[in-house]
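So the structure is just underneath, and the comments pick up after that.
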Amino acid sequence: MAWFKKEKTPKAAPARERKITIPEGLWVKCDNCKEIVYKKEVARNANVCPKCNYHFRISARERLEVLYDDGKYREFDTDISPVDALGFVDSKAYATRITTYQAETGLKDALISSEGLLGGLPVIIAVMEYGFMGGSMGSVVGEKVTRAAERAYDARCPLIVVSCSGGARMQEGALSLMQMAKISAALARLDARGVPFVSVLTDPTTGGVTASFAMLGDLNIAEPRALIGFAGPRVIEQTIRQKLPVGFQRSEFLLEHGMIDLIVERAQMRDTLAQCLQFMVGAARRAETAVERP
(Lines give C-alpha, C1' and ligand atoms only; values in the text may rest on other atoms or scores of the structure.)
Protein backbone atom coordinates (compact mmCIF):
# COMPACT_ATOMS: atom_id res chain seq x y z
CA MET A 1 0.00 0.00 0.00
CA ALA A 2 1.42 3.35 -1.06
CA TRP A 3 1.80 6.02 1.61
CA PHE A 4 0.56 8.68 -0.81
CA LYS A 5 -0.63 9.05 -4.34
CA LYS A 6 0.64 11.81 -6.58
CA GLU A 7 -1.40 12.88 -9.49
CA LYS A 8 0.81 14.17 -12.29
CA THR A 9 -0.81 16.61 -14.57
CA PRO A 10 0.78 16.44 -17.96
CA LYS A 11 2.44 19.65 -18.98
CA ALA A 12 0.61 21.61 -21.59
CA ALA A 13 2.28 21.42 -24.93
CA PRO A 14 4.06 24.69 -25.65
CA ALA A 15 2.28 26.89 -28.09
CA ARG A 16 3.76 26.46 -31.51
CA GLU A 17 6.00 29.39 -32.20
CA ARG A 18 4.87 31.49 -35.07
CA LYS A 19 7.23 31.09 -37.98
CA ILE A 20 8.71 34.39 -39.01
CA THR A 21 9.16 34.72 -42.73
CA ILE A 22 11.65 37.26 -43.94
CA PRO A 23 10.91 38.40 -47.49
CA GLU A 24 13.70 37.90 -49.98
CA GLY A 25 15.59 40.89 -51.33
CA LEU A 26 15.64 42.91 -48.09
CA TRP A 27 19.37 42.52 -47.58
CA VAL A 28 22.41 42.78 -49.83
CA LYS A 29 25.97 41.59 -49.34
CA CYS A 30 28.66 44.17 -50.01
CA ASP A 31 31.23 42.91 -52.52
CA ASN A 32 33.97 44.84 -50.74
CA CYS A 33 33.54 44.51 -46.96
CA LYS A 34 31.29 41.40 -47.17
CA GLU A 35 28.87 42.91 -44.65
CA ILE A 36 25.15 42.18 -44.94
CA VAL A 37 23.45 45.55 -45.36
CA TYR A 38 19.78 46.54 -45.38
CA LYS A 39 18.94 47.14 -49.04
CA LYS A 40 16.78 50.22 -48.43
CA GLU A 41 19.62 51.80 -46.47
CA VAL A 42 21.93 51.25 -49.43
CA ALA A 43 19.34 52.78 -51.78
CA ARG A 44 18.98 55.84 -49.52
CA ASN A 45 22.76 56.20 -49.63
CA ALA A 46 22.89 56.54 -53.47
CA ASN A 47 23.55 52.77 -53.80
CA VAL A 48 26.74 53.11 -51.76
CA CYS A 49 27.61 50.76 -48.89
CA PRO A 50 27.19 52.68 -45.59
CA LYS A 51 29.84 50.47 -43.95
CA CYS A 52 32.80 50.84 -46.32
CA ASN A 53 31.71 53.37 -49.00
CA TYR A 54 31.77 50.74 -51.75
CA HIS A 55 29.87 52.02 -54.81
CA PHE A 56 27.48 49.34 -56.05
CA ARG A 57 27.00 49.15 -59.80
CA ILE A 58 23.78 50.81 -60.96
CA SER A 59 21.89 50.67 -64.25
CA ALA A 60 22.12 53.30 -66.97
CA ARG A 61 18.56 54.48 -66.31
CA GLU A 62 19.24 54.83 -62.57
CA ARG A 63 22.29 56.89 -63.42
CA LEU A 64 20.32 59.22 -65.69
CA GLU A 65 17.60 59.76 -63.09
CA VAL A 66 20.25 60.79 -60.56
CA LEU A 67 22.07 63.20 -62.88
CA TYR A 68 19.27 65.11 -64.61
CA ASP A 69 17.24 67.86 -62.94
CA ASP A 70 14.16 66.21 -61.42
CA GLY A 71 15.22 62.98 -63.14
CA LYS A 72 13.67 64.15 -66.42
CA TYR A 73 15.30 63.54 -69.79
CA ARG A 74 14.54 62.58 -73.38
CA GLU A 75 16.19 59.66 -75.16
CA PHE A 76 17.27 59.78 -78.79
CA ASP A 77 18.75 57.31 -81.31
CA THR A 78 16.68 54.54 -79.76
CA ASP A 79 16.09 52.68 -83.02
CA ILE A 80 19.68 51.51 -83.74
CA SER A 81 20.21 47.75 -83.35
CA PRO A 82 23.38 45.62 -83.68
CA VAL A 83 23.96 43.33 -86.65
CA ASP A 84 25.81 40.01 -86.59
CA ALA A 85 27.96 40.89 -89.60
CA LEU A 86 30.53 38.15 -88.92
CA GLY A 87 28.10 35.34 -88.09
CA PHE A 88 30.12 34.98 -84.87
CA VAL A 89 29.64 31.88 -82.72
CA ASP A 90 31.41 30.94 -79.48
CA SER A 91 29.50 28.99 -76.83
CA LYS A 92 26.42 30.73 -78.30
CA ALA A 93 25.66 32.51 -81.52
CA TYR A 94 26.14 36.28 -81.26
CA ALA A 95 22.65 36.79 -82.69
CA THR A 96 21.23 34.73 -79.81
CA ARG A 97 23.18 36.74 -77.24
CA ILE A 98 21.84 40.00 -78.69
CA THR A 99 18.24 38.79 -78.45
CA THR A 100 18.75 37.57 -74.87
CA TYR A 101 20.30 40.80 -73.61
CA GLN A 102 17.71 42.93 -75.37
CA ALA A 103 14.98 40.99 -73.57
CA GLU A 104 16.76 41.26 -70.20
CA THR A 105 17.58 44.98 -70.33
CA GLY A 106 14.86 46.41 -72.55
CA LEU A 107 17.59 48.13 -74.60
CA LYS A 108 18.71 47.67 -78.20
CA ASP A 109 22.37 47.83 -77.12
CA ALA A 110 24.67 48.86 -74.29
CA LEU A 111 24.22 52.63 -74.31
CA ILE A 112 21.47 55.19 -73.71
CA SER A 113 21.74 58.60 -75.40
CA SER A 114 19.75 61.40 -73.80
CA GLU A 115 19.31 65.13 -73.41
CA GLY A 116 17.89 67.34 -70.70
CA LEU A 117 18.90 69.83 -68.01
CA LEU A 118 21.65 69.44 -65.42
CA GLY A 119 21.91 72.31 -62.97
CA GLY A 120 19.72 74.32 -65.32
CA LEU A 121 22.10 73.84 -68.26
CA PRO A 122 21.07 71.91 -71.37
CA VAL A 123 23.34 68.87 -71.66
CA ILE A 124 23.66 65.64 -73.61
CA ILE A 125 24.46 62.54 -71.57
CA ALA A 126 25.36 59.10 -72.93
CA VAL A 127 25.47 56.30 -70.34
CA MET A 128 26.77 52.78 -70.85
CA GLU A 129 24.73 49.82 -69.53
CA TYR A 130 26.97 47.11 -68.03
CA GLY A 131 24.04 44.70 -67.92
CA PHE A 132 24.15 44.46 -71.74
CA MET A 133 27.12 42.22 -72.54
CA GLY A 134 29.29 43.87 -69.91
CA GLY A 135 28.77 47.29 -71.47
CA SER A 136 30.97 46.19 -74.36
CA MET A 137 31.49 48.66 -77.21
CA GLY A 138 30.25 47.41 -80.54
CA SER A 139 29.27 49.29 -83.68
CA VAL A 140 26.00 50.53 -82.16
CA VAL A 141 27.65 51.95 -79.02
CA GLY A 142 30.29 53.63 -81.19
CA GLU A 143 27.69 55.07 -83.53
CA LYS A 144 25.54 56.40 -80.69
CA VAL A 145 28.45 58.06 -78.87
CA THR A 146 29.56 59.62 -82.18
CA ARG A 147 26.04 60.89 -82.88
CA ALA A 148 25.82 62.29 -79.35
CA ALA A 149 29.08 64.19 -79.94
CA GLU A 150 27.79 65.50 -83.29
CA ARG A 151 24.52 66.57 -81.64
CA ALA A 152 26.50 68.41 -78.96
CA TYR A 153 28.59 70.03 -81.73
CA ASP A 154 25.52 71.34 -83.59
CA ALA A 155 23.79 72.60 -80.43
CA ARG A 156 27.00 73.84 -78.74
CA CYS A 157 25.81 71.83 -75.77
CA PRO A 158 28.11 70.13 -73.20
CA LEU A 159 28.55 66.37 -73.61
CA ILE A 160 28.87 63.91 -70.72
CA VAL A 161 29.69 60.24 -71.30
CA VAL A 162 29.44 57.84 -68.36
CA SER A 163 31.57 54.75 -69.02
CA CYS A 164 30.97 51.33 -67.50
CA SER A 165 32.44 48.75 -69.83
CA GLY A 166 34.65 45.73 -70.29
CA GLY A 167 35.96 47.21 -73.55
CA ALA A 168 35.52 46.48 -77.25
CA ARG A 169 33.06 43.73 -78.23
CA MET A 170 35.03 40.80 -79.61
CA GLN A 171 31.98 39.37 -81.43
CA GLU A 172 32.21 42.29 -83.89
CA GLY A 173 35.96 42.16 -84.49
CA ALA A 174 37.42 45.12 -86.39
CA LEU A 175 33.96 46.71 -86.66
CA SER A 176 34.16 47.21 -82.91
CA LEU A 177 37.77 48.42 -82.83
CA MET A 178 37.17 51.05 -85.51
CA GLN A 179 34.71 52.79 -83.18
CA MET A 180 37.67 53.97 -81.10
CA ALA A 181 38.97 56.12 -83.97
CA LYS A 182 35.50 57.25 -85.08
CA ILE A 183 34.51 58.51 -81.63
CA SER A 184 37.91 60.14 -81.06
CA ALA A 185 37.56 62.05 -84.36
CA ALA A 186 34.09 63.31 -83.36
CA LEU A 187 35.45 64.46 -79.98
CA ALA A 188 38.33 66.26 -81.71
CA ARG A 189 35.79 68.27 -83.73
CA LEU A 190 33.88 69.01 -80.54
CA ASP A 191 37.08 70.25 -78.89
CA ALA A 192 37.91 72.45 -81.88
CA ARG A 193 34.55 74.17 -81.45
CA GLY A 194 35.15 74.75 -77.75
CA VAL A 195 32.26 72.56 -76.55
CA PRO A 196 32.96 70.95 -73.15
CA PHE A 197 33.22 67.16 -72.92
CA VAL A 198 33.23 65.52 -69.48
CA SER A 199 34.09 61.84 -69.10
CA VAL A 200 32.79 60.02 -66.02
CA LEU A 201 34.54 56.72 -65.33
CA THR A 202 32.81 54.11 -63.17
CA ASP A 203 33.66 50.55 -62.19
CA PRO A 204 34.80 49.03 -64.49
CA THR A 205 36.12 51.11 -67.39
CA THR A 206 38.57 48.98 -69.34
CA GLY A 207 39.85 47.91 -72.76
CA GLY A 208 39.10 49.90 -75.88
CA VAL A 209 36.77 52.28 -74.03
CA THR A 210 39.62 53.41 -71.76
CA ALA A 211 41.98 53.53 -74.75
CA SER A 212 39.71 55.99 -76.55
CA PHE A 213 36.93 58.32 -75.44
CA ALA A 214 36.90 57.55 -71.70
CA MET A 215 40.26 59.27 -71.20
CA LEU A 216 39.73 62.13 -73.68
CA GLY A 217 37.53 64.38 -71.56
CA ASP A 218 38.30 68.03 -70.94
CA LEU A 219 37.58 66.84 -67.44
CA ASN A 220 37.95 63.19 -66.40
CA ILE A 221 36.02 62.29 -63.24
CA ALA A 222 35.93 58.87 -61.56
CA GLU A 223 33.93 57.29 -58.79
CA PRO A 224 35.88 55.99 -55.76
CA ARG A 225 37.76 52.70 -56.23
CA ALA A 226 36.66 52.30 -59.84
CA LEU A 227 38.75 49.86 -61.88
CA ILE A 228 40.17 51.82 -64.81
CA GLY A 229 42.72 50.49 -67.26
CA PHE A 230 43.38 48.86 -70.62
CA ALA A 231 44.40 45.30 -69.76
CA GLY A 232 43.28 43.83 -66.44
CA PRO A 233 45.67 43.47 -63.46
CA ARG A 234 45.90 39.68 -63.79
CA VAL A 235 46.87 39.92 -67.47
CA ILE A 236 49.55 42.52 -66.69
CA GLU A 237 51.01 40.48 -63.82
CA GLN A 238 51.18 37.37 -65.98
CA THR A 239 52.82 39.35 -68.80
CA ILE A 240 55.49 41.23 -66.84
CA ARG A 241 55.84 38.50 -64.16
CA GLN A 242 55.83 41.06 -61.38
CA LYS A 243 53.49 41.83 -58.50
CA LEU A 244 51.56 45.04 -59.08
CA PRO A 245 51.31 47.80 -56.44
CA VAL A 246 48.35 47.75 -54.05
CA GLY A 247 45.41 49.62 -55.57
CA PHE A 248 46.89 49.52 -59.08
CA GLN A 249 44.36 50.66 -61.74
CA ARG A 250 41.94 51.94 -59.12
CA SER A 251 40.78 55.54 -59.47
CA GLU A 252 42.83 56.67 -56.44
CA PHE A 253 46.00 55.29 -58.08
CA LEU A 254 45.17 57.05 -61.35
CA LEU A 255 44.52 60.37 -59.60
CA GLU A 256 47.86 60.13 -57.81
CA HIS A 257 49.62 59.54 -61.14
CA GLY A 258 47.83 62.33 -63.04
CA MET A 259 45.62 60.13 -65.22
CA ILE A 260 42.32 61.61 -64.01
CA ASP A 261 41.31 64.98 -62.60
CA LEU A 262 38.83 64.25 -59.83
CA ILE A 263 37.35 61.47 -57.71
CA VAL A 264 33.77 62.26 -56.76
CA GLU A 265 31.34 60.38 -54.52
CA ARG A 266 28.17 59.34 -56.32
CA ALA A 267 26.00 61.42 -53.99
CA GLN A 268 27.97 64.56 -54.96
CA MET A 269 28.36 63.74 -58.68
CA ARG A 270 25.41 65.76 -59.96
CA ASP A 271 26.33 68.92 -58.02
CA THR A 272 29.99 68.59 -58.99
CA LEU A 273 29.14 68.20 -62.68
CA ALA A 274 26.79 71.19 -62.54
CA GLN A 275 29.46 73.37 -60.94
CA CYS A 276 32.18 72.28 -63.39
CA LEU A 277 29.93 72.74 -66.42
CA GLN A 278 28.92 76.23 -65.32
CA PHE A 279 32.59 77.17 -65.16
CA MET A 280 33.51 75.46 -68.48
CA VAL A 281 30.56 76.89 -70.41
CA GLY A 282 31.24 80.35 -69.00
CA ALA A 283 34.91 80.11 -69.98
CA ALA A 284 34.00 78.96 -73.50
CA ARG A 285 31.59 81.86 -73.93
CA ARG A 286 34.15 84.40 -72.71
CA ALA A 287 36.74 82.98 -75.13
CA GLU A 288 34.25 83.13 -78.01
CA THR A 289 33.36 86.75 -77.19
CA ALA A 290 37.02 87.72 -77.05
CA VAL A 291 37.61 86.28 -80.54
CA GLU A 292 34.59 88.11 -81.98
CA ARG A 293 35.75 91.51 -80.73
CA PRO A 294 37.21 93.76 -83.44
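Given the criteria among the aliphatic types (A, V, I, L, M), modelled with pLDDT of 95 or more and buried (at least 23 other Cβ atoms within 10 Å of the Cβ), does LEU159 qualify?
Working: among the aliphatic types (A, V, I, L, M): yes; modelled with pLDDT of 95 or more: yes; buried (at least 23 other Cβ atoms within 10 Å of the Cβ): yes.
So LEU159 passes the test.
Step by step: first the residues of the range 216-240, then only those that are of a type in the set (Asp, Glu) and modelled with pLDDT of 95 or more, then the one that is farthest from VAL161 (Cα to Cα). Which residue is that?
Narrowing the range 216-240 to residues of a type in the set (Asp, Glu): 218, 223, 237.
From the residues that got through so far, the ones that are modelled with pLDDT of 95 or more too are 218, 223.
Working: ASP218: 12, GLU223: 14 Å.
Here the answer is GLU223.
Restricting attention to the range 77-136, report how many residues are within 24 Å of LEU201 (Cα to Cα), exposed (fewer than 13 other Cβ atoms within 10 Å of the Cβ) and touching an Asp or Glu at 6+ places or on another chain (Cβ under 8 Å).
Adding up the residues that qualify gives 1.
Can you tell me which residue in the range 17-52 is modelled with the highest pLDDT, limited to those that are assigned to a loop (DSSP other than H, G, I, E, B) and of a type in the set (Gly, Ala, Ser)? Before the answer, list the steps.
To start, the set of residues in the range 17-52 that are assigned to a loop (DSSP other than H, G, I, E, B) comprises 17-26, 30-35, 45-47, 49-52.
Checking the rest, the ones that are also of a type in the set (Gly, Ala, Ser) come to 25, 46.
Working: GLY25: 75, ALA46: 91.
Among residues in the range 17-52 that are assigned to a loop (DSSP other than H, G, I, E, B) and of a type in the set (Gly, Ala, Ser), the one modelled with the highest pLDDT is ALA46.
With a cut-off of at least 1 residues that are of a type in the set (D, E, K, R) and in contact (Cβ under 8 Å) with a residue 40 or more places away in the chain, name the strands (runs of 3 or more DSSP E) lying wholly within the range 53-171. Please lay out each step first, then the result.
Details: elements: 73-76, 111-118, 121-128, 159-165.
Those strands (runs of 3 or more DSSP E) span 73-76, 111-118.
For the range 172-183, how many residues are free of Cβ contacts under 8 Å to residues at least 60 places away in the same chain and either touching a Gly at 6+ places or on another chain (Cβ under 8 Å) or buried (at least 17 other Cβ atoms within 10 Å of the Cβ) (or both)? Quick ask: steps written out before the conclusion?
Within the range 172-183, the first condition is being free of Cβ contacts under 8 Å to residues at least 60 places away in the same chain, and the residues that meet it are 174, 176-183.
Pick out the ones that are also either touching a Gly at 6+ places or on another chain (Cβ under 8 Å) or buried (at least 17 other Cβ atoms within 10 Å of the Cβ) (or both) and you get 176-180, 182-183.
Of the residues in that region, 7 qualify.
Would it be correct to say that ALA284 is outside any strand (DSSP E or B), in contact with a Gly (Cβ under 8 Å, 6 or more places away or on another chain) and among the small types (Gly, Ala, Ser)?
Values: outside any strand (DSSP E or B): yes; in contact with a Gly (Cβ under 8 Å, 6 or more places away or on another chain): yes; among the small types (Gly, Ala, Ser): yes.
Considered against the rule, which asks whether it is outside any strand (DSSP E or B), in contact with a Gly (Cβ under 8 Å, 6 or more places away or on another chain) and among the small types (Gly, Ala, Ser), ALA284 comes out as yes.
Of the residues that make up the range 62-70, is at least one within 23 Å of ARG189 (Cβ to Cβ) and out of contact with any Phe, Trp or Tyr (no Cβ under 7 Å at 6 or more places or on another chain)?
Of the residues in the range 62-70, the ones within 23 Å of ARG189 (Cβ to Cβ) are none.
No - not one qualifying residue is present in the range 62-70.
Is there a residue in the range 77-90 that is modelled with pLDDT of 95 or more, assigned by TED's automatic domain parsing to the domain that holds GLN179 and under 26 Å from LEU227 (Cα atoms)?
Within the range 77-90, not a single residue is modelled with pLDDT of 95 or more, assigned by TED's automatic domain parsing to the domain that holds GLN179 and under 26 Å from LEU227 (Cα atoms).
A quick yes/no check of all residues on (1) touching a residue at least 60 places away in the same chain (Cβ under 8 Å); (2) among the aliphatic types (A, V, I, L, M); (3) part of a loop (DSSP other than H, G, I, E, B); (4) over 24 Å from GLU62 (Cβ atoms):
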| residue | (1), (2), (3), (4) |
| --- | --- |
| VAL235 | no, yes, no, yes |
| GLN238 | no, no, no, yes |
| GLN242 | no, no, yes, yes |
| GLY247 | no, no, yes, yes |
| GLY258 | no, no, yes, yes |
| ALA267 | yes, yes, no, no |
| ALA274 | yes, yes, no, no |
| GLU288 | yes, no, no, yes |
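Need the failing condition index for ARG270 against (1) surrounded by fewer than 17 Cβ atoms within 10 Å (Cβ to Cβ); (2) within 26 Å of ALA46 (Cα to Cα); (3) touching a helix residue (DSSP H, G or I) at 6+ places or on another chain (Cβ under 9 Å); (4) not aromatic (Phe, Trp, Tyr), just the number.
(1)
Could you check the range 184-217 and list, in sequence order, the residues that are of a type in the set (A, V, I, L, M, F, W, C), in contact (Cβ under 8 Å) with a residue 40 or more places away in the chain and closer than 22 Å to ALA284 by Cα?
Result: ALA186, LEU190, VAL195, PHE197, VAL198, VAL200, PHE213, ALA214, MET215.
The values are calculated or read from the model by the stated rules, or taken from the named source; none is laboratory data. What you see is a predicted model; the values in this text were computed from it and never measured. Note: ideal-geometry Cβ built from the backbone for every residue, glycine included; neighbour counts use all protein chains shown.
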